[in-house]
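One structure is given below, encoded as structure tokens.
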Number of protein chains: 2
Amino acid sequence: MAIFTGTYQHTIDEKNRLAIPSSIRKCMDEDTEGNGFFVTPGLDKCLALYTPLHFKAISEKYNEQASTNRKARNFQRHFFSYTKKVDCDKQGRISVEPKHIDYAGLKKEVIIVGVMDRIEIWDKKSWDEAEAGNSESYENDAEDLFRLGSVPS
Amino acid sequence: MAIFTGTYQHTIDEKNRLAIPSSIRKCMDEDTEGNGFFVTPGLDKCLALYTPLHFKAISEKYNEQASTNRKARNFQRHFFSYTKKVDCDKQGRISVEPKHIDYAGLKKEVIIVGVMDRIEIWDKKSWDEAEAGNSESYENDAEDLFRLGSVPS
DNA sequence: GTGGATTGTGGGTAGGGATGGGGAATTTAA
DNA sequence: TTAAATTCCCCATCCCTACCCACAATCCAC
């Protein structure tokens, strides 16, 4: 499965179009992962984009929980109703729904980041604020999270 | 899996290009390990380069940390967003992002070192300072680390 | 020592990527 | 049936990346 990395600054134009970085598009294999993305409401007020293959895996996981848990069912309703499948146009752009723009507080300048199994879209201002904290605690968090063994250095 | 060793002094040119020593490139097998490198923010303010095969193993380890844990989530964001996949050009060079140059404080002269499963890139000045301390305590550290039969993974 | 091959470094240039805007096709409303 | 609106496609521009070639230094073989 594709592993996404990197940080990119792109712009949303007046038609709500947003170019997905070509290096991100190139690192997914359409035959196995499908084409396009599922745009979902991410945690921490960003948008999270998943490949069709990975979205399927997530859906199945949520579905197991929902069958026995009322809170999970409500979460499931919100999550799926707020999710939209999009395809890239010939220029490699997706169009972002107004409701998603509102949710993540997107302005013209946005940051696109690859985070392992997903692509996140942030408003530039929010990202800069969050990232300042994350980079500060990076080395300490690395030691905390992996102290109990299993450190790939 | 490839084991990297050695110390090399190379230069970053005005286009932010850096030649990977040919003896390092030659000791990895593209068929099994993939081509190019993942440039990651290493601990102790250097850059750590991994082969695609090894980076995949690291990602899977990080993936075990639930993304519902806030600290783990922010760590993942920082690590993967700061990581960039690069390929060597026909001259065996990679291009280093400005962000990575800042992080490791790289100037024109840099030191490239092979450290077992990864390649580290240091600013020459930082390396010389760190190395002075390391070589001084080398024999003592060796005794400490191996006294209890523990293997430094 | 000498010649050739390999390696590291520098610089010009073509092609691809990000972005903006016009226009055709489809939909919705009147 | 026509007008207005939305969506998607295509082209045009700018800029940056990565390729190509060139040269210098080093290493190696003989």
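The values are calculated or read from the model by the stated rules, or taken from the named source; none is laboratory data. Here the structure is a predicted model, which is why all the values come from computation and not from measurement. FYI the Cβ positions are ideal-geometry reconstructions off the backbone, even for glycines, and counts take in every protein chain you see. SASA here: full protein model, heavy atoms, side chains in, ligands and nucleic acids out. Shrake-Rupley method; radii C 1.70, N 1.55, O 1.52, S 1.80 Å.
Residue-wise, which Karplus ³J(HN,Hα) couplings in Hz belong to region A:122-127, taking 6.51 cos²θ - 1.76 cosθ + 1.60, θ = phi - 60°, and x for glycine or proline?
Those phi angles translate into 10, 5, 4, 5, 4, 5 Hz.
Under the rule of -39500 (n - 2.57) per DSSP H run of 4 or more residues, summed and divided by the residues of chain B, what mean residue ellipticity at 222 nm is obtained, to the nearest 500 deg cm²/dmol?
-12500 deg cm²/dmol
List, in order, the whole-Hz ³J(HN,Hα) value for each residue of region A:41-48 obtained from phi through the Karplus relation with A = 6.51, B = -1.76, C = 1.60 and θ = phi - 60°; use x for Gly and Pro.
Going residue by residue, I get x, x, 6, 6, 6, 10, 9, 10 Hz, with x marking Gly and Pro.
So how much slack lies between A:Arg77 and A:Leu43, counting 0.36 nm per residue of separation and subtracting their Cα-Cα distance, in nm?
This chain segment gains 10.7 nm when fully extended.
Please check: in the Gaussian network model of chain B (C-alpha springs, under 10 Å), which one of B:Glu131, B:Glu33, B:Glu120 has the largest mean-square fluctuation.
B:Glu131
Given bins 10 angstrom wide, list per bin the percent of all Cα-Cα distances in region B:7-123, short to long.
For region B:7-123, the pair-distance distribution reads 13, 46, 31, 10, 1.
Given label points at 7 Å from Cα along Cα→Cβ, what nm distances, shortest first, separate A:Glu136 from the same residue in every other copy?
3.2
Using a 1.4 angstrom probe with every protein chain in place, what is the largest-first accessible-area order of B:Lys99, A:Lys125?
Descending order: A:Lys125, B:Lys99.
Per residue of region B:2-12, what does 6.51 cos²θ - 1.76 cosθ + 1.60 with θ = phi - 60° give for ³J(HN,Hα)? Whole Hz please, x for Gly and Pro, Karplus curve as stated.
For region B:2-12, the Karplus-derived couplings read 5, 10, 9, 9, x, 10, 9, 10, 10, 10, 9 Hz, x marking Gly and Pro.
Calculated FRET efficiency, B:Tyr138 and B:Ile3, Cβ-Cβ r, R0 30 Å, to nearest 0.05?
FRET efficiency, B:Tyr138 to B:Ile3: 0.95.
Please work out the FRET efficiency for the pair A:Glu64 and B:Lys26, using the Cβ-Cβ distance as r and a Förster radius of 41 Å; give the result to the nearest 0.05.
After rounding to 0.05, the efficiency reads 0.25.
May I ask which of A:Lys26/B:Lys56; A:Lys15/B:Lys71; A:Lys124/B:Lys99; A:Lys85/B:Lys99; B:Lys45/B:Lys71 have a Cα-Cα span longer than 27 Å here?
A:Lys15/B:Lys71; A:Lys85/B:Lys99
Could you pull the accessible area for A:Asp102 with a 1.4 Å probe, rounded to 10 Å²?
120
Mind listing the label-point distances from B:Thr32 to the same position on all other copies, shortest first, one decimal in nm, points 7 Å along Cα→Cβ?
Those label-point separations list as 1.9 nm.
Using only atoms on other chains, find how many Cβ atoms lie within 10 Å of each Cβ of peptide B:68-79 and report the average.
Taking the mean over all residues of the peptide, I get 6.
Please report, in Å, the Rg and the Dmax of the protein assembly as shown, where both are computed over Cα atoms only.
Rg and Dmax of the protein assembly as shown, Cα atoms, are 21.1, 66 Å.
Relative contact order of region B:28-153, please, whole-number percent, based on alpha carbon pairs below 8 angstrom and at least 6 residues apart.
That works out to 25 percent.
Shortest first and in nm to one decimal, what separations exist between B:Thr68 and its copies in the other chains, measuring from label points 7 Å along the Cα-to-beta-carbon line?
Label point to label point, same position, other copies: 1.3 nm.
Would you mind getting the accessible area per residue of region A:7-123, heavy atoms of the protein chains only, 1.4 Å probe, in Å²?
Per-residue accessible area for region A:7-123 comes out at 54 Å².
For the protein assembly as shown, what % of the accessible area comes from carbon and sulfur atoms, probe 1.4 Å?
50
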